[in-house]
1. Please report how many Lys pairs in the chain have alpha carbons closer than 14 angstrom, counting only residues at least 8 apart along the chain or sitting on separate chains.
2. Can you give the helix-only mean residue ellipticity at 222 nm for the chain, where every DSSP H stretch with n ≥ 4 adds -39500 (n - 2.57) and the sum goes over all residues, rounded to the nearest 500 deg cm²/dmol?
3. Per residue and in cubic angstrom, what volume does the convex hull of the Cα atoms of the stretch 187-295 have?
4. Quick one: if you stick a label point 7 Å off each Cα along the C-beta vector at TYR337 and ARG7, how many nm between them?
5. Any idea how far apart MET265 and ALA280 come out in nm if each label point goes 7 Å out from Cα toward Cβ?
6. Would you calculate the convex hull of the Cα atoms in the stretch 122-199 and tell me its volume per residue in Å³?
7. How long is the gain from ASP139 to LEU291 if the chain were fully straight, where each residue apart is worth 0.36 nm and the alpha carbon distance is subtracted?
8. I want the local charge near VAL247. Using Cβ-Cβ distances under 9 Å, sum +1 for each Lys or Arg and -1 for each Asp or Glu among the other residues.
Amino acid sequence: MLNDEERQLQQLARTFTQREIMPQAAELDRSKAFPQAIYDQALALGLLNLTVPEAYGGAGLGCLALTLVTEELCRGCVGVGATLSINSLAADAIIHHGSEEQKRWVLPRLVAGELASYAATEPGGGSDVAGLQTRAARDGDDYVLSGSKTWISNANHASFFVVFARTGDGGSRGLSVFIVERGTPGLRIGEPLDKLGQRCAPTCEVFFDGCRIPASQRVGEEGQGFRIAMDAFDHSRPMVAAFGVGVHARCLEESLAYAQTRVTMGQPIIRHQLVAAKLAEMSTSLEAARLLAYRAAWLIDHGQRNTLAASQAKLFAAESVMAAATEAVQIFGGMGYSTEYPVEKLFRDAKVLQIYEGTSEIQKLVIARELQR
Ligand SMILES: Cc1cc2nc3c(=O)[nH]c(=O)nc-3n(C[C@H](O)[C@H](O)[C@H](O)COP(=O)(O)OP(=O)(O)OC[C@H]3O[C@@H](n4cnc5c(N)ncnc54)[C@H](O)[C@@H]3O)c2cc1C
């Protein structure tokens with residue numbers, strides 16, 4: 001199914017993960033340190049900013065390439081994998097909807113190693129994109145932003161923020177998108193939030209207090225923000241599904257190795273049929289999740305509408321990785337609950353897959369809506 005170039009990229013990411021991410025994952029989880037050295041190495045190897053067109057210094061690859069690499073990185077640590085891949089959310093909004101001037105401003109700097117955050121969620125809610133309240137008031141040739149965002153990944157390291165704000169009255173037609181550069185007066189980044197899993201991937205509040213930016217930093221037309229957000233999900237959900245696939249693959253790997261060596265009642269626990277069944281189910285749902293993610297990515301790379309496929313992939317990956325991580329802890333018994341083994345981290349890391357990039361409930365709403373089209 002994959003071509004030679006895709007297989008080589010996948011192999012490169014696999015080897016990198018094995019050598020550079022896996023040995024550091026537990027310590028990064030404990031210290032909550034930003035994986036800067038890993039970021040720099042991955043950048044030098046050409047594993048980042050894959051979807052940035054060659055005209056702006058990027059690799060000019062598609063969503064499937066991004067999905068393949070992301071899966072491998074997340075097999076090592078989804079906190080690291082998320083940190084390394086999250087640029088693509090902001091970059092894709094600019095690639096697909098930005099002006100030529102905006103692309104020349106931002107994209108080469110991302111390729112050179114700077115970071116961008118995607119800022120939609122607010123303290124008042126993340127699921128209801130159409131209801132967000134951050135304001136962008138037009139003032140001559142400028143906009144003045146006021147409001148706040150929360151849970152913004154990589155915000156404390158980002159040079160750019162792709163910000164969703166309200167330019168018109170209520171509902172989805174009143175939203176617009178802006179690029180805000182770090183250092184703009186009125187922009188303030190909070191401290192990283194403490195969280196259950198993916199602890200080396202920083203997430204912060206972002207505050208806009210009379211933050212003035214030129215109108216030339218608006219992405220697309222005024223009022224197009226909701227459409228840009230929905231379009232961004234079509235590109236990002238296959239990649240986020242791959243976050244789950246990577247963790248799921250690791251759950252299977254760790255569980256299989258443990259079940260072959262742990263002996264109870266005179267035999268390795270994999271010979272007990274109830275344990276063997278867990279592994280059989282884990283491997284089957286892994287393959288299904290992987291194929292759904294690849295399919296959603298392939299569709300958009302081939303110019304086909306993938307909203308249904310992307311939501312199905314994200315939903316299935318999130319639900320199946322949570323189930324796999326729960327069973328992985330179970331297979332390890334008491335040691336599954338210990339920080340001595342990696343599965344408790346996989347369990348903590350998996351949970352947020354059901355929450356970000358659209359909760360599982362929201363994916364079901366999208367899928368049901370798409371079925372009725
Ligand atoms: C680690 C992490 C990283 C994140 N990174 C980013 C980022 O980089 N940028 C960004 O913008 N956001 C980010 N988010 C935010 C994330 O996208 C939101 O948390 C998510 O969309 C859910 O929004 P909420 O937390 O406000 O929950 P709410 O929207 O308040 O939902 C609460 C519960 O109600 C359910 N619910 C809500 N509405 C409905 C409905 N209509 N029907 C059925 N059920 C419903 C939800 O499914 C959920 O179970 C991140 C979050 C986390 C935890």
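1. 6
2. Rounded to the nearest 500, the figure is -16500 deg cm²/dmol.
3. About 151 Å³ per residue, rounded to a whole number.
4. So the label points at TYR337 and ARG7 sit 4.5 nm apart.
5. Using points 7 Å along Cα→Cβ, the separation is 1.7 nm.
6. 103 Å³
7. The ASP139-LEU291 span can extend by a further 49.9 nm.
8. Neighbour charge sum, excluding VAL247 itself: +1.
Just so you know, all these numbers are worked out from the coordinates, no wet-lab data involved. This is a predicted model, so every value here is computed, not measured. Backbone-built Cβ (ideal geometry, glycine too); neighbour counts: all protein chains shown.
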